[in-house]
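The structure under discussion appears below in the form of structure tokens.
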Amino acid sequence: MTQEHPITPPLELIREWALNHDYTYANELWDYIATQAAGWGADQELEACCEWLRHGLPYESHADYLRDARRPKPQSLKEQAYDALDTYIYGEPNPKDKEHTYNIIRRALEALPDKQ
């Protein structure tokens, strides 16, 4: 008799990952599935912790703070450009970062519409 762990992905989800991933070698597929499964399991655990916080503490917002801290949203291109500009002007970017900084600002400017 096998007991499923609560963070074991369902077989249907594993099959979906396998079918929706292009791979050349079997090892690539296994690496991809292992990575997806680890992320899925971590998300399940985070949601369980957030649910516990919602019912275990007087302030429901603690669950939202935890989720935001553990799954931060990636910065928008605009936010990246602001940070790059601040570093370029006020910080001391090392020469390796100058090209990266320039490219971020350039991409943000290219994303702006050409209105006259």
Furthest towards positive pole of dipole, 63, 46, 102, structure part the chain, Cβ charges: 102
Cα centre as origin, Lys/Arg/Asp/Glu Cβ charges: the chain dipole, Debye: 340 debye
Acute angle (nearest 10 degrees) that the helix 77-90 long axis makes with the longest principal axis of the chain, alpha-carbon atoms: 50 degrees
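May I ask for the equivalent-ellipsoid semi-axes of the chain, computed as the square root of five times each C-alpha gyration tensor eigenvalue and listed largest first in whole Å? Spell out each step's value before the answer.
Working: eigenvalues 290, 127, 39 Å².
In descending order, the three semi-axes are 38, 25, 14 Å.
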Whole-number percent relative contact order across the chain, with pairs defined as alpha carbons under 8 Å at least 6 apart: 17 percent
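What net charge do the residues around residue 62 carry, taking every other residue with its C-beta under 12 Å from that of residue 62, with Lys and Arg at +1 and Asp and Glu at -1? Working shown, then result.
Numbers: positive: 54, 67; negative: 51, 60, 64, 68.
Local charge sum for residue 62: -2.
Readers should treat all values here as calculations from the given coordinates under stated rules, not as data from a laboratory. It should be emphasised that the depicted structure is a prediction, and the values quoted were computed from it without experimental measurement. No Cβ is skipped: glycine too gets one built from the backbone with ideal geometry, and neighbour counts run over all protein chains shown.
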